[in-house]
Amino acid sequence: MDRAAKAELVATLNDVFSNAGVVVVAHYSGLSVADMQKLRREMKQAGASVKVAKNRIAKIALEGKDVASIAPLLKGPTLLAYSSDPVAAAKVAVDFAKTNEKFKVLGGAMGATSLNADGVKALASLPSLDELRGKLVGLIQAPATKLAQLSTAPAAKLARVVGAYANKDAA
């Protein structure tokens, strides 16, 4: 790799570390190409990305960033999983680690907060941003639905009472 390619990779990683909501570091030693492709596909579907970079270059790109706390984790064959959604990359990485024993989550960072492997697992158990939005919309719509039900309920009760009196007179 020549100097220009290294400089470009450092610039790319600088952008990743600046804009990522969460960065997960994992060991991938022993994974087949098919497994790596599967991991990349799952990450892409979740809105996350995977990057394999030399540890020295990644450490250079980490200097001065909020997620610089992951630098000690960059030893051996590591990959970086990242996403702007704070839950997406962690969720996919933890799920992938459950099915592949050769893939081990080491830790990560969410902004300036450093996460160990258990912290990443705890983050993965949280609902994603889209799930939270869905719950919020449901909570906002619930009072309106109940209000509509309440406004139609008295008219329906009145109609039943009138219908009961009409049936009583007919009997």
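With every protein chain present, what accessible area does ILE140 have (1.4 Å probe, heavy atoms only), rounded to the nearest 10 Å²?
Counting only protein heavy atoms, ILE140 exposes about 110 Å² to solvent.
Starting from 0.36 nm per residue, how many nanometres of slack lie between ALA4 and SER29 once their C-alpha separation is accounted for?
Values: separation 25, 0.36 × 25 = 9.00 nm, distance 2.78 nm.
So the extension gain works out to 6.2 nm.
Taking the Cβ of PRO77 as the centre, find all other residues whose Cβ is under 11 Å away and add up their charges (Lys, Arg: +1; Asp, Glu: -1). Present the calculation step by step, with values, prior to reporting the outcome.
Numbers: positive: LYS54, LYS75, LYS102, LYS104; negative: none.
So the environment of PRO77 carries a net charge of +4.
For region 1-112, with all protein chains present and a 1.4 Å probe, just round the carbon and sulfur fraction of the accessible area to a whole percent. Before the final figure, lay out each step's value.
Details: 2980 of 5730 Å².
Summing carbon and sulfur atoms, their accessible area is 52 percent of the total for region 1-112.
LYS102: which lysines have alpha carbons under 22 Å from its alpha carbon, excluding same-chain residues fewer than 8 sequence positions away?
Partners within reach: LYS38, LYS44, LYS51, LYS54, LYS75, LYS91, LYS121.
For ASP169, what accessible surface area do you get with a 1.4 Å probe? Give it in Å², rounded to 10.
130
Calculate for the chain the 222 nm mean residue ellipticity that helices alone would give, adding -39,500 (n - 2.57) per DSSP H run of length 4 or more and normalising by residue count, nearest 500 deg cm²/dmol. Please list the in-between numbers first.
Working: 6 runs with 101 residues, N = 171.
Using -39500 (n - 2.57) per qualifying helix, the result is -20000 deg cm²/dmol.
Please report Rg over Rh for region 17-70, where both radii come from the alpha carbon positions and Rh follows the Kirkwood definition.
Values: Rg = 12.5 Å, Rh = 12.6 Å.
With Rg and the Kirkwood Rh in hand, the quotient comes to 0.99.
Taking the convex hull of the Cα atoms, report for the chain its projected area averaged over all directions, in nm². Don't skip to the answer; put the middle values down first.
Working: hull surface 63.6 nm².
Averaged projected area of the chain's Cα convex hull equals 15.9 nm².
Using a Förster radius of 30 Å, what is the FRET efficiency between GLU42 and VAL137 based on their Cβ-Cβ separation? Nearest 0.05, please.
Step by step, r from the Cβ atoms, then E = 0.70.
The values are calculated or read from the model by the stated rules, or taken from the named source; none is laboratory data. Every value quoted in this text rests on a predicted model; they were computed, and no experiment measured them. In this analysis, Cβ positions are derived from the backbone assuming ideal geometry, glycine residues included, and neighbour counts consider all displayed protein chains. The protein model used for the area step is the full one, side chains on, heavy atoms only, and it has no ligands, DNA or RNA in it. Shrake-Rupley method; radii C 1.70, N 1.55, O 1.52, S 1.80 Å.
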